[in-house]
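One structure is given here, and the rest of the page talks about it.
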Amino acid sequence: MGPTSPKRPLSPKGSADQLPSAKRVNHSNSPTPNASEISKATSSTTADGGGGPKKKSKQQQVMAKTTGVMDYLQKSLSRPELLGLYKDPDRGRFVCRSVLQQVPELSQQIVVRLSCTGGVFPLAMIYSWFRSNTTPSLSPTEAAASHGRMIKLLEHLYQWAIIVDKPSSSTKKQDPNTTAGDNTTTSANLVQLTPEFYQGFKNSLHSLDSSPWNPLTEKEMELIEEDAIKTSGKSNIKFPRMSNEDLERYTQAQWDAVLHYLVGTGNYADPHPAVAHFLLQTNLMQPDPDFKGKNTDDAPLVITQKGYDFMLQDNAQQVWHFIVQYMASMAENLSNDPAKAQLLKREALLVLICLSFARFGECYSGAGLTKEGRTIIKDLSLFGLLYTKKVGKTFIFYPTRIAMQLVGLEGTSNKAGGGGGMWSWSSKALENALAHPRPHDSSHLAIIVQTNFQLCAYTTSELHVSMLGLFCDVHTIRRLPNVIFMTISRDSIKGAFNLGIQAQQILRFLEKHAHPKLRESGTDPLPANVVDQIFLWDRERHRIRWNQVFNHQPIMPGEFQAVQKYAMELGAHGWSSEARNMIMIKYSFVDRIQNFVQKWRAKQASG
């Protein structure tokens, strides 16, 4: 997975009520820098480039802009790579099913009908399908528009490697009032499914399996447990039976560890070294630029501007960020063996797609995975996407809800048991915390923003308090057992802007973590005056535009008027004041203005 990252120092110790400022970089024995120093530190790199991110290739830049597995398939994979996924004998049918759910409903109808006609059909007949739901007779204008929509749908199918040939916009339009049998059928006007997709989709229709793996039954779990006890001779071995809440809590805990590590919260265990290395490799953290030691490997890691943005993102976006980096890391580590790198990339995509068809809360055996698949499952468990354990000689895993939602299919949340991923667990945790007689540690966060710019946050997590401190005034904090009150001020928002945080990111974070009662009301959970004011504070940074100018001071009578007039005609005039005898000239026009002044002065002297 990569080398171990440099040692991470603990945060300065202090009482729980001493909230670390958003402008603090957590060094082990260093003074607290101000906001300008933070901004400078987060945008700089070490002199020797140690730990700095490598320049991304064009493909990696495209990968970084994707939002999920299916978006990655469409934007990053070539046509042969897509066909290779469809061709997989055991899991290709799930890829075909996933892709089909991504295309528009009318395209889905075309594909299903083509699969029932041998995978090939005349374009004229497909055109008749397309207009069968409209009026039988179309005007020439309506027919042209309908034909254009059909061509766009077929082009989209070609992009997904579902059909063989790309339709041309110049394809001959059929007479809208002509029957399909009146048109001559040639290879040029046939629409054909690619053999790989056709076979995979047929297998999907013929298969009764809703999941790529069979979940373990209670009897099988007991047998595995008994076998593990006999093999090891230990009587205390228990098969891990994870409930839905246990899995949600496990995933949240894994990501809390990453975020705690980012902000440098003390008294929390560091994440796995591979995850810490990814934080460094993805430029979410960097070695402290102010480190004075001789060995740069001992430099503590500090969060970057990109890291602040990462903290305020949705959990699903954070997870996908790591998945994309995982793909890039595999390709980089196996750059000398492109064939193996391609195999692992293909296996990783197949595993991610198959996870979307697994059942949330069910346990699966690793016996149905390939060797590469088991390696990938273990790697993904480091990110909290799966819960894995070896019971005796049997490797088992539980998919988490957020892993199943990486594909981004509609209905995934319903299939996964309803709700909205970690947000559903957060809402349940909030209800339980409020009903609990005494506050206890929990990962929920529910925010109420009032019109007087006071923020009320239901949380007991120091991580959430630190995150809110990025854009709230930490000097106004007031604590109750399970509630904190802070104020959003101009200075606190400006401090967040200096750290590289954008206004839209702050509002997105507040809206995502709004109190459930506000979300159920159907209205905007954030007061309009607070939203407008944050945007106005953001615009204050752009009220002044800096231009480089040359200050010309006339020395002869009439020179001011002559130079001012010439500069205005030339478009070089920036600002002028006759009382101050001063003309500001745009710097790019300095040479031309000086030439004019020399000629004008010579003319005046000779005259």
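Every read-out reported here was derived from the displayed coordinates using simple, explicitly stated rules and does not represent laboratory data. Here the structure is a predicted model, which means the values were calculated and not measured. Note that we place each Cβ from the backbone using ideal geometry, even for glycine, and neighbour counts take in every protein chain shown.
So, in Å, what gap is there between the alpha-carbon centers of segment 475-526 and segment 213-292?
Here the two parts' Cα centres lie 30 Å apart.
In whole Å, how far is the Cα centre of segment 69-108 from that of segment 529-607?
When both Cα centres are located, 60 Å separates them.
Give a residue-ordered list of calculated ³J(HN,Hα) values for segment 88-105 (Karplus: 6.51 cos²θ - 1.76 cosθ + 1.60, θ = phi - 60°; whole Hz; x for Gly, Pro).
Result, ordered by residue: 4, x, 9, 10, x, 5, 6, 5, 4, 5, 5, 5, 4, 6, 8, 8, x, 4 Hz.
Below 14 angstrom from the Cβ of Phe201, what's the summed charge of the other residues (Lys, Arg +1; Asp, Glu -1)?
Spelling it out: positives minus negatives among the neighbours equals +4.
Could you sort 255-265, 358-368 so that the peptide with the highest average Cβ count within 10 Å comes first and the rest follow in order?
255-265, 358-368
Once the Cβ-Cβ distance between Asp270 and Met568 is put in as r, and R0 is 45 Å, what FRET efficiency do you end up with, to the nearest 0.05?
The pair Asp270/Met568 has a calculated efficiency of 0.10.
Which peptide among 451-461, 240-250 comes first, and what is the full order, when sorted by highest mean count of other Cβ atoms within 10 Å?
Averaged packing, sorted descending, gives the order 451-461, 240-250.
From the backbone phi of segment 191-200, what are the Karplus-calculated ³J(HN,Hα) couplings (6.51 cos²θ - 1.76 cosθ + 1.60, θ = phi - 60°) in whole Hz, Gly and Pro given as x?
With the stated coefficients, segment 191-200 comes to 10, 10, 6, 5, x, 5, 6, 4, 5, x Hz.
Treating only the Cβ of Lys, Arg, Asp and Glu as charged (+1, +1, -1, -1), what charge dipole size does segment 289-400 show about its Cα centre? Round to the nearest 20 debye.
480 debye
Using a 7 Å offset from the Cα along the Cα-to-Cβ direction at both Arg346 and Glu540, what is the distance between the two label points in nm, to one decimal?
In this crude label model, Arg346 to Glu540 measures out at 5.8 nm.
Per q in 0.12, 0.14, 0.15, 0.19 Å⁻¹, report the Debye log10 I(q)/I(0) for segment 182-314, using one uniform scatterer on each alpha carbon and no solvent.
Values, matching the q order: -0.84, -0.90, -0.93, -1.08.
Considering amide H positions built from the backbone, and no H for Pro or chain starts, which residues 5 or more places from Val391, or on another chain, come under 5 Å of its amide H?
Answer set, sorted by chain and number: Ile396.
So what are the ³J(HN,Hα) numbers for segment 569-578, from phi and the Karplus equation (6.51, -1.76, 1.60; θ = phi - 60°), rounded to whole Hz, Gly and Pro as x?
Each residue's phi maps through the Karplus curve to give 5, 7, x, 9, 6, x, 6, 8, 8, 5 Hz.
Taking all pairs of distinct Cα atoms, average 1/r, flip it, and tell me the Kirkwood hydrodynamic radius of segment 514-570 in Å to one decimal place.
Kirkwood hydrodynamic radius for segment 514-570: 16.7 Å.
Could you calculate the FRET efficiency of Gln192 with Glu372 from 1/(1 + (r/R0)^6), where r is the beta carbon distance between them and R0 is 30 Å, rounded to 0.05?
0.40
Within 13 Å, Cβ to Cβ, of Thr251, how many net charges do the neighbouring residues add up to if Lys/Arg are +1 and Asp/Glu are -1?
Counting the neighbours of Thr251, the net charge comes to -2.
Calculate, in nm to one decimal, what Ser210 and Trp129 gain on full extension: separation in residues at 0.36 nm each, minus their alpha carbon distance.
Length gained, Ser210 through Trp129: 26.2 nm.
Arranged from highest to lowest average of other beta-carbon atoms within 10 Å per residue, in what order do the peptides 493-505, 91-103, 206-218 appear?
Answer by packing, highest mean first, reads 91-103, 493-505, 206-218.
Let me check I've understood the local charge: for Val597, count other residues with C-beta under 12 angstrom from its C-beta, Lys and Arg +1, Asp and Glu -1. What total comes out?
Net charge in that neighbourhood comes out at +2.
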